[in-house]
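Student: Provided herewith is a single structure, encoded as structure tokens, for subsequent inquiry.
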Amino acid sequence: MYSLFAAQSAQYVPKDEAIKKLSIQNTVEAAAVFNASVLPKLCMKLLYCMNCIVHSTVIRNGSLEAQKDQIPHPNLDL
């Protein structure tokens with residue numbers, strides 16, 4: 001297993017622990033386009049570690065009540 005370079009923290013994260021997010025942005029703003037031509041989009045695959053993604057509120061941690069109400073997977077033998 002190899003490590004990936006995280007986007008915000010600049011640290012190496014194991015591949016199975018990295019959270020991947022695809023960001024698609026227009027290269028030019030819509031107000032700057034005069035005619036209805038098709039412009040290319042900029043696609044970026046961002047990799048985050050768990051600490052940075054929660055701290056920067058890209059995702060939010062779940063509430064305590066929601067964690068208590070989780071139903072275990074049916075294939076899980078407990």
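Yes or no, residue by residue, for (1) at pLDDT below 80; (2) of a type in the set (D, E, K, R); (3) surrounded by 10 or more Cβ atoms within 10 Å (Cβ to Cβ):
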residue	(1), (2), (3)
PRO14	no, no, yes
ILE24	no, no, no
LEU39	yes, no, yes
THR57	yes, no, no
GLN70	yes, no, no
HIS73	yes, no, no
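Student: Considering only segment 1-12, state which residues are modelled with pLDDT under 80, closer than 25 Å to THR57 by Cβ, over 15 Å from the mean Cα position of the chain (by Cα) and not hydroxyl-bearing (Ser, Thr, Tyr). Don't jump to the end; show me each part of the working.
Tutor: Narrowing segment 1-12 to residues modelled with pLDDT under 80: 1-10.
Applying the additional criterion that residues be closer than 25 Å to THR57 by Cβ yields 3-10.
Next, from what is left, pick out any that are over 15 Å from the mean Cα position of the chain (by Cα): 3, 10.
Result: ALA10, single match.
The values are calculated or read from the model by the stated rules, or taken from the named source; none is laboratory data. This one's a predicted model, so the numbers in the text were calculated from it and none came from an experiment. Positions of Cβ are generated from backbone atoms using ideal geometry, with glycine treated the same way; all protein chains shown enter the neighbour counts.
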